[in-house]
Every structure is written in structure tokens, then in C-alpha cells.
1. If Arg245 satisfies every condition in (1) surrounded by fewer than 24 Cβ atoms within 10 Å (Cβ to Cβ); (2) out of contact with any Cys (no Cβ under 9 Å at 6 or more places or on another chain); (3) closer than 29 Å to Leu114 by Cα; (4) not small (Gly, Ala, Ser) but one, which is the exception?
2. Being of a type in the set (D, E, K, R), part of a loop (DSSP other than H, G, I, E, B) and either modelled with pLDDT of 90 or more or within 10 Å of Ala170 (Cα to Cα) (or both) is the filter here, so list the residues in region 183-205 that pass it.
3. Name the residue, out of Tyr54, Tyr44, that is among the aromatic types (Phe, Trp, Tyr), assigned to a strand (DSSP E or B) and at negative phi.
4. Considering only region 255-277, I want to know if a residue exists there that is touching a Phe, Trp or Tyr at 6+ places or on another chain (Cβ under 7 Å), in contact (Cβ under 8 Å) with a residue 24 or more places away in the chain, under 20 Å from Asp26 (Cβ atoms) and buried (at least 24 other Cβ atoms within 10 Å of the Cβ).
5. Look through region 123-174, keep the residues that are part of a strand (DSSP E or B) and among the polar types (S, T, N, Q), and return whichever of them is nearest to Phe193 (Cα to Cα).
6. Identify the single condition in (1) in contact with a helix residue (DSSP H, G or I) (Cβ under 6 Å, 6 or more places away or on another chain); (2) not in a loop (DSSP other than H, G, I, E, B) that His120 does not satisfy, given that it satisfies every other one.
7. Please specify each residue of region 64-99 satisfying the condition of being among the aliphatic types (A, V, I, L, M) and either in contact with a Gly (Cβ under 9 Å, 6 or more places away or on another chain) or touching a residue at least 60 places away in the same chain (Cβ under 8 Å) (or both).
8. Take Gly61 and decide whether it is buried (at least 16 other Cβ atoms within 10 Å of the Cβ) and not aliphatic (A, V, I, L, M).
Amino acid sequence: MTTPKISRSALTIRMASPRGFCAGVDRAIQIVERALTKFGAPVYVRHEIVHNRYVVERLRGMGAVFVKELDECPDDRPVVFSAHGVPKSVPQAARARELLFLDATCPLVSKVHLDAERHHAAGREIALIGHAGHPEVIGTLGQLPTGAITLIETVADVEGFEPKDPENLAFVTQTTLSVDDTADIVAALKAKFPKVTAPHREDICYATTNRQEAVKRIAPDTDLVLVVGSRRSSNSQRLVEVAVRSGSKAAYLIDCADDIDPAWLKGARTIGLTAGASAPELLVDGVLEHFAAAFDVTVEEKGAVRETVTFKLPRILTDDA
């Protein structure tokens, strides 16, 4: 007797490309991995190296120890600073203790730090467009004396912002924000302060921009978009917002396939799928496997940008050091 074939619902998955790891995240993870290889375990890491639970747990399994503050690190072991950057006081404290430290700050975040220092040296007051409490924002604010930088989170903040000298103002931005949201705030700043000095190039990083543009391509007419990434990841949260603004009926942020609520899929025929800049591709593969087990899946790859950016590792970790 022939077993009847069970008919499964068809599901089209539109894959955003590029997605997942950016060059800064890849560099930060490599720094921890190579430090473990060169110096042995444990290697201490101040804060999460990047905002992704899987990445952090994997490195913890290799011997990384994640701490909140530098005073939790012993004097005789290496310490790595996270990709988000740190206040200037942190490396100063590490030098005072003669710690071996490795700075995994994304070079694009370091560029924002340097821009802020350049503006301060030129006597300008600085506005930082960003989200309060985010490690990158804390690190940028900590590059200069208290009061030198004012945090601007919304257009309403611009309306209430009264710099000491409106004629001598500059702004920088957190790298992982939504391009669209930042544009609104930048426009408000320029309207209120026509002489404000802008960055030579937008501070929002190439990877954030590319991933948002990729979501804009896949989101229209989808029943939902799934963004693989941590709730602590600013760039992942922004991808959810961009998906809804770009035409998806709904969008959800998930750590992995286990977070998918079956209720989201009721009546769904087309799903968009992407990943934040700190989410590894194997988590995306897990989502595809999850759907393939229940649906007749057709995968469409939607990509237009090929990323070739790479960043050098600290010289102490390279083979020719």
C-alpha cells in the first residue's frame, strides 16, 4: 500500500543580502579568538564583545571571561575592549595597572571618536545623535570632558537644545542608527543651527546602511520579516523598524529559530529574512531549516551590494608580530 503524500503549504522566503557579520564584528571576534590562541585561557573581555548571545556563549566556551568593569580583571591576564568602544578612562586605567589590553573597537566607531576630539580641539560644542545607555554612546561621550558633548535622541531634543554658541557647533552620530531616523534629526539640527558642522561623511557605518537597504528591497508585500539578532543590538532593532516602514505587514526580532511564534505564520505566504551585523550566518541557516521542516520552501536571494571591507587586527596578534 502506498503511503499518501502529505501536502505542505508553500512558503517563499526572501533573503536579504548583505546580512549578518560586518567587518567590525568579524575583527572583534577574531581578536578574542586569537588572544585565546596566543595567550591561553582565560582572556577577559570588558562587556559583551558584540551584542549576540550565541557569539558570547561560544567564546565563553573557548575560555573568554566577560566582565562589566576593568576592576574585575586580574593583573596577569589579557583584557579585550568590546567592538562598541570604551570611554577614554578605561585604557588609561589599564595602562596605570600595566595590563595587556587589546582594543577591539570598530574602526568606524574610532573614527567618530576622532571626529569628536577634532571638533573639541577646534573649540566647537558637539551634539551626538544616539541612544542613551548604548555602549557605543557611553564610549563616545567618554572621549571628552563632561559637558563637551550633548546627547540628542529625537527631533524634540533638537528643539530643546540650546548650545552655548550656536555659531560654533558640530554633530556626530552613533554608527548603528536608522539612516531615515538620523536624517530627520540631522535635518532638524541644520534647520535650527544653519552653521552646524557635519561629518565629512555620514557616521552611520557602511554595514548598517547596506543591511537597511537590503531590508527595503525584501520587505514590500511580505507577510512578515524576521530579523535574526539580539534585543541588545541597536542595528538589529533598526532593521525591524525599517522592515515595517518599507511595507512588510509585520516584523519580529529573534535570537534564533526557537523564538519563532507559530501564530506569526498563520496565513503567511512570503517571509523576509535578514540578520543584524552581529548575528552569525548559522543562526540564519537554523531559521531556514525550521521552515523547511514544515513548509514547501522556495528561497529567493535579494542582493545588490557586495561587501569587501576588512579591518586589520592589532599587530600583537598577527603572525609577523
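The values are calculated or read from the model by the stated rules, or taken from the named source; none is laboratory data. The structure displayed is predicted, hence computed values, not measured ones. All Cβ positions, glycine included, derive from the backbone under ideal geometry; neighbour counts span all protein chains shown.
1. Condition (3) is where Arg245 drops out.
2. Lys195
3. The match here is Tyr44.
4. yes
5. Here the answer is Thr150.
6. (1)
7. Result: Ala83, Val86, Val90.
8. Against the criterion (buried (at least 16 other Cβ atoms within 10 Å of the Cβ) and not aliphatic (A, V, I, L, M)), Gly61 does not qualify.
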